[in-house]
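The numbers here are math on the coordinates, done by the rules we state, and not lab data. Small disclaimer: the values here were computed from a predicted structure and weren't measured. Here the Cβ is made from the backbone with ideal geometry for all residues, glycine too, and neighbour counts use every protein chain on show.
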Amino acid sequence: GFTGKVLYITKGESTSFKYFTIKDESFMVLKGKLLVTYGQQQSLKDPINYPIKIEEFVLGDVLKVQSSCPYKLKALEESIVVEISSRSDSQCIHIDT
């Protein structure tokens, strides 16, 4: 099944830089502006060939995150984000706090 939730991220706050072992996620910005840091499954082991990317996301932008792909969401403005994920029982691996 799928799980959905709404994230309210205060300006200057962020999620941890993390990935899930068997959970796919999709995020859509409903309000605000985010600085999104994300990578591919190989990015942590081979950052030269699979670099971590950093992009600004605004209203309507969508990020699809496959399992084992690291990501972090940081609010540049008060932000509201919808998250839809494929599982709720996946192990979360935090890369930083």
Starting from the range 1-84, pick out the chymotrypsin sites (Phe, Trp or Tyr not before Pro) whose DSSP state is loop and whose Cβ has at most 15 other Cβ atoms within 10 Å.
Phe2
One quarter of the convex hull surface, Cα atoms only: what value does that give for the range 56-97 in nm²?
3.9 nm²
So for the chain: antiparallel DSSP bridges make up what percent, rounded to the nearest 5?
100 percent
How about the range 6-97: which GluC sites (Glu not before Pro) there lie in a loop by DSSP and see at most 12 other Cβ atoms within 10 Å?
Glu13
Convert 37 °C to kelvin, take the viscosity as 0.692 mPa s, use the Kirkwood radius over C-alpha pairs of the range 22-70 as Rh, and evaluate the Stokes-Einstein diffusion coefficient in µm²/s, rounded to a whole number.
285 µm²/s
Calculate the dipole size of the chain relative to its Cα centre from +1 charges on Lys and Arg beta carbons and -1 charges on Asp and Glu beta carbons; express the result in debye to the nearest 20.
80 debye
For the range 1-62 and the range 65-89, compute the distance between their C-alpha centroids and round to whole Å.
5 Å
Straight-line reach from Lys45: which lysines fall under 21 Å, measuring Cα to Cα and dropping same-chain residues less than 8 apart?
Lys18, Lys23, Lys53, Lys64, Lys72
With no solvent and one equal point scatterer placed on each C-alpha of the chain, evaluate the Debye formula and give log10 I(q)/I(0) for q = 0.12 Å⁻¹, two decimals.
-0.35
Among Asp46, Asp61, Asp24, which one moves the most in a GNM of the chain with springs linking Cα atoms closer than 10 Å?
Asp46
For the chain, averaging the sequence separation of alpha carbon pairs under 8 Å that lie six or more residues apart and dividing by its residue count, the contact order in percent is 51 percent
